[in-house]
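Quick notes on the structure that follows.
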Amino acid sequence: MKVVFMGTPEFARTALEAIADAGHNVIGVITQPDKPKNRGHKLTPPPVKEAALAMGIPVYQPTTLKDGSFNDTLDAMDPDIIVVAAYGKILPKYFIDRPRCGCVNIHGSLLPKYRGAAPIQRAIMAGEKQIGITIMRMDEGLDTGDMMLTGAIDAEGKYYDEVHAELSDLGAELIVKAMKMIEDGTVTYTKQNDAEMTYAAKITKEDMTVGFTTDADTVLRTVRALSPTAVTYLNGKSVKLVAARRIDAPAAEAGTVVALGAKGEGYIDVACAVGTVRLTRIIPEGKKEMSCGDFVRGRGISAGDKFTAEA
């Protein structure tokens, strides 16, 4: 099949490479514009662009699809199918209706749960033990199209990066299977049960902020879902939370440092509203990621100090 692929991050790159490796003719890749990165603000291409250029596939980076300015280009490409994976913007109806075999999406959840922008993070934050991929035929709704294939992984206790990598591989595997089914005429579609729908809203600053005023399990799920962007504050400075686990310890005021360990990797034990978490890796403001042992040895913290949700 002649394929137009639409995607932007690493999650999509894996699928693009799998589709090309399966022998499909990827005639073009549509991805988001390059963005400035790091302190030098150097324009950096999306992972999908890097992969496409390495394979010699033409790359298009329109700033918008809404004004119809890309429609003539799409007509000239004349794709049999459009495959979408974390493109980053809502597709106009023209794109969805244009290809002969439809517009197919690789969505990072077991639909109809976690429709929306941040399905993987929201599923981890909710404590889902199974997180999956749905291959769906796109329509004009938000992740509401009929389902073709699903698959799941065990996500219990795992951090976002690990779940993301496993789902990327699973999505690549399933999209290749789905495209073969479409070619063979064996594909079947299942409507979603809207009554079971949940919404995975975009992650906000409030979501990323940890004040330890919830129970320990909620804190740990936030760290696992958002590491290394989950943030708290100590003595007016930010501390990003990278790794943590739950421990048993006497109750104390939420946010209070109840114990410290300086040997080896070390630890910082912090009381929550219910339960206690043990921090093991952090990113102090203005510094690189480090073990809590290094932070304690550097005398950056003392027992009795308090983490808060604001500087």
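Structure notes:
- Rounded to whole numbers, the Karplus 3J(HN,Hα) couplings from phi for segment 300-309 are x, 7, 9, 4, x, 4, 10, 7, 9, 7 Hz, using 6.51 cos²θ - 1.76 cosθ + 1.60 with θ = phi - 60°, and x at Gly and Pro.
- Beta bridges per DSSP with both ends in the chain, % antiparallel, nearest 5: 70 percent
- Unit charges at the beta carbon, dipole of the chain: most positive-side option, Ser168, Ala225, Gly127: Ala225
- Of all the options Pro79, Pro46, Pro250, the one that moves most in a Gaussian network model of the chain with Cα springs shorter than 10 angstrom is Pro250.
- Using a Gaussian network model of the chain in which every pair of alpha carbons under 10 angstrom is joined by a spring, one finds that among Asn193, Asn235, Asn38 the greatest mean-square fluctuation is at Asn38.
- Among the trypsin sites (Lys or Arg not before Pro) found in segment 199-302, those both in a DSSP coil and sparsely packed, with 11 or fewer other Cβ atoms within 10 Å of their Cβ, are Lys202, Lys263, Lys288, Arg299.
- Dipole magnitude for the chain: computed about the Cα centre from +1 point charges on Lys and Arg Cβ and -1 point charges on Asp and Glu Cβ, it is near 1000 debye.
- Of all accessible heavy-atom area on segment 198-311, the percent that carbon and sulfur account for (1.4 Å): 49 percent
- Dipole magnitude (debye, nearest 20) for segment 169-225, charges at Cβ of Lys, Arg, Asp, Glu: 120 debye
- Sequence-distant residues sharing a close amide H with Tyr60 (under 5 Å, placed H): Val29, Ile30, Thr31
- Average accessible surface area per residue within segment 57-111, 1.4 Å rolling probe, Å²: 44 Å²
- Dipole moment magnitude, nearest 20 debye, segment 95-178 about Cα centre, only Lys, Arg, Asp, Glu C-beta charged: 220 debye
- Shape class of segment 16-154 from the alpha-carbon gyration tensor: oblate, with a/c at 1.5 or above and b/c at least as large as a/b.
- Between 0 and 90°, nearest 10: helix 216-226 axis offset from the chain longest Cα axis: 40 degrees
- Shape category assigned to segment 110-157 from the gyration tensor of Cα positions, a/c cut at 1.5: oblate
- Antiparallel DSSP beta bridges within segment 1-59, percent to nearest 5: 35 percent
- Under the combined filter of DSSP loop state and at most 10 neighbouring Cβ atoms within 10 Å, segment 1-86 retains these trypsin sites (Lys or Arg not before Pro): Arg39.
- In this structure, the amide hydrogen of Ala117, modeled 1.01 Å from its nitrogen in the peptide plane, lies closer than 5 angstrom to those of Ala200, Lys202, counting only residues at least 5 positions away or on a different chain.
- Looking at segment 168-273, the DSSP beta bridges with both ends there are about 90 percent antiparallel.
- Ratio Rg/Rh, restricted to the chain and using Cα atoms, in which Rh is the Kirkwood radius: 1.05
- Distant-in-sequence amide H partners of Asp305 (H built 1.01 Å from N, under 5 Å): Val257
- Computed FRET value (nearest 0.05) for Lys263 with Ala76, which takes r as the C-beta separation and R₀ as 41 Å: 0.05
- Global form of segment 149-231, assessed from the alpha-carbon gyration tensor, a/c cut-off 1.5: prolate
- Rounded to the nearest 0.05, the FRET efficiency derived from the C-beta distance between Glu173 and Ala54 at R0 = 25 Å is 0.75.
The values are calculated or read from the model by the stated rules, or taken from the named source; none is laboratory data. Everything numeric here is computed off the predicted structure, so don't read it as measured data. Methodologically, a virtual Cβ is constructed for each residue, glycine included, from the backbone with ideal geometry; neighbour enumeration extends over all protein chains shown. To get the accessible areas, we keep the full protein, side chains included, count just its heavy atoms, and leave off ligands, DNA and RNA. Shrake-Rupley method; radii C 1.70, N 1.55, O 1.52, S 1.80 Å.
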